[in-house]
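Chemist: Sharing a structure, written as C-alpha cells. Questions coming.
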Amino acid sequence: MAQFNTETEIADLLNAHSVHIVRSLADKYGFDPLEAMASLSKTAKAPTKTAVTKAVAAEKKAVREAKKAAKAEKPKRPPTGYLLFCKATRPAVKEELPDLKPQEVIKELARRWKTVLDEEERADWNSQAKTPSESEESDAELEENDEE
C-alpha cells in the first residue's frame with residue numbers, strides 16, 4: 001500500500017513539474033502551452049519502474065538512517081568488572097607476552113580472570129563496575145547544568 005502511495009506521489013510531482021516546464025518554454029518560445037501539454041500527454045509515459053524503485057529505496061534508506069541516529073543517541077551500559085579488569089591488565093599481558101596475537105591476548109585475559117583471581121578479587125572488580133567513576137559523575141553533573 002505504501003508503495004502505491006509513493007508511485008502516485010512521484011507521478012504527481014512529475015506532472016506538476018512538466019506543467020511548469022511547458023509553461024516556461026511556451027513563454028520563451030511563443031507556442032500554445034495547452035496544445036503542448038495535450039501533445040505531451042499523448043506521448044508521455046508513466047514513470048519508469050527504475051525511477052519508482054529508486055524513490056522507494058531512498059525512502060527506505062532515510063528510515064534506516066533515522067533508526068541508526070536514534071540508536072547512536074541511546075546511552076551505553078557501563079562496563080562490567082571483567083571489562084574493567086581487561087582494560088587494566090591488557091597492557092601488562094602485552095608487555096609480558098609480546099608475541100601473542102590479539103585473540104590470544106583475550107584468551108590469556110580470560111584465563112587470568114578465571115584462574116588467577118580468586119572470588120574476593122573478582123568481587124572487588126565487580127564492585128568497581130557498580131560504582132560510577134568520577135568522570136561519569138562529572139559528566140552527569142555537566143549535563144544537568146546544561147539542561148538548566
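The values are calculated or read from the model by the stated rules, or taken from the named source; none is laboratory data. Since the structure is predicted, the reported quantities are computational estimates derived from the model, not experimental observations. Neighbour counts run over all protein chains shown; Cβ positions are idealised from the backbone, glycine included.
Chemist: If a residue must be outside any helix (DSSP H, G or I) and among the polar types (S, T, N, Q), how many such residues does the stretch 57-113 contain?
Modeler: 1
Chemist: When you go through (1) outside the structural domain of Ser127 (by TED's automatic domain parsing); (2) surrounded by 10 or more Cβ atoms within 10 Å (Cβ to Cβ) one by one for Ala69, which number turns out not to apply?
Modeler: With respect to (1) outside the structural domain of Ser127 (by TED's automatic domain parsing); (2) surrounded by 10 or more Cβ atoms within 10 Å (Cβ to Cβ), Ala69 is out only on (2).
Chemist: Mind listing just one residue for me: the one in the stretch 1-33 that is modelled with pLDDT under 80 and loosely packed, with under 10 Cβ neighbours inside 10 Å and, of those, farthest from Ala58 (Cα to Cα)?
Modeler: Residue satisfying both the conditions and the ranking: Met1.
Chemist: Does the stretch 66-85 contain at least one residue that is in contact with a Leu (Cβ under 9 Å, 6 or more places away or on another chain) and either closer than 30 Å to Ala16 by Cβ or modelled with pLDDT of 90 or more (or both)?
Modeler: Looking for residues that are in contact with a Leu (Cβ under 9 Å, 6 or more places away or on another chain) and either closer than 30 Å to Ala16 by Cβ or modelled with pLDDT of 90 or more (or both), one finds at least one in the stretch 66-85, hence yes.
Chemist: Taking the residues in the stretch 93-110 that are acidic (Asp, Glu) and surrounded by 11 or more Cβ atoms within 10 Å (Cβ to Cβ) as candidates, determine which candidate is nearest to Leu83 (Cα to Cα).
Modeler: Glu108
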